[in-house]
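Q: Pasting in a structure now, in structure tokens, and then I'll have a few things to ask.
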Amino acid sequence: SFIIYIFNFKIYKDMKMYTIVRKDLKMGKGKLCAQTGHGFIESYKIYLKKFPEYVKLWELTGSAKIVLKVENLEELLKLYEEIKKEIPCVLIKDAGKTQIEPGTITCIAFGPVPDKISEKYVKNLKLL
């Protein structure tokens, strides 16, 4: 088992988890952090069950978490539909207790995955 991890480490050494948020919502810093946190946690739970080897390698390589942005809901949903065709991707909706309306889609999240998988989805996005 350990030898398999070492072998996979050489192949998949660049593992990252991503959350992509909507810029148009203009969420406060605290709200933004909470929403990305929800995304990371929900994605982690899914990948721990479906891709435990990715999670283990991600944990062994620094647990990188990246937050990116899109302009609006339309861009976010388009990206979500593309990603979920290949790998699990979660859609985060706000409960509506503070700054935004209940059910508002705030972000998506996926990973941890190797860069060779995520690159095609995130290469044209900017850091938040």
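The values are calculated or read from the model by the stated rules, or taken from the named source; none is laboratory data. Being a predicted model, the structure only gives us computed values, none of them experimental. Here Cβ is always computed from backbone atoms with ideal geometry, including for glycine, and neighbour counts include all displayed protein chains. What goes into the accessible areas is simple: the full protein's heavy atoms, side chains included, and nothing from ligands, DNA or RNA. Shrake-Rupley method; radii C 1.70, N 1.55, O 1.52, S 1.80 Å.
Q: In the Gaussian network model of the chain, springs joining C-alpha atoms below 10 Å, which of LYS84, LYS69, LYS93 carries the largest mean-square fluctuation?
A: Greatest mean-square fluctuation among the candidates belongs to LYS84.
Q: Determine the share of segment 26-128's accessible area contributed by carbon and sulfur atoms, expressed in whole percent, with a 1.4 angstrom probe.
A: Roughly 55 percent of what the probe reaches on segment 26-128 is carbon or sulfur.
Q: Mind checking which aspartates and glutamates have their Cα closer than 19 Å to the Cα of LYS120? Skip sequence neighbours fewer than 8 apart in that chain.
A: Partners found: ASP14, GLU71, GLU74, GLU75, GLU81, GLU82, GLU86.
Q: What value, in deg cm²/dmol to 500, does the helix sum -39500 (n - 2.57) over DSSP H runs of n ≥ 4 give at 222 nm once divided by the residues of the chain?
A: -15000 deg cm²/dmol
Q: Tell me which GluC sites (Glu not before Pro) from segment 52-108 have a DSSP coil assignment and no more than 10 other beta carbons within 10 Å of their own.
A: Qualifying residues, ordered by number: GLU71.
Q: Membrane-span-like helices in the chain: DSSP H runs reaching 30 Å or more (Cα, own axis), mean Kyte hydropathy at least 0.5?
A: Helices meeting the criterion: none.
Q: While we're looking at this one, here's another question. Tell me the per residue accessible area of the chain using a 1.4 Å probe; a whole number in Å² is fine.
A: Ligands and nucleic acids excluded, the result is 60 Å² per residue.
Q: Now a separate question. Which residue, chosen from GLY103, VAL67, LEU57, occupies the Cα position most advanced towards the positive end of the dipole of the chain, where the dipole is computed from +1 (Lys, Arg) and -1 (Asp, Glu) charges on Cβ about the Cα centre?
A: Checked the options; the winner is LEU57.
Q: While we're here: Starting from the Kirkwood radius over alpha-carbon pairs of the chain, derive D by Stokes-Einstein at 25 °C in a medium of 0.890 mPa s and give it in µm² s⁻¹.
A: 164 µm²/s
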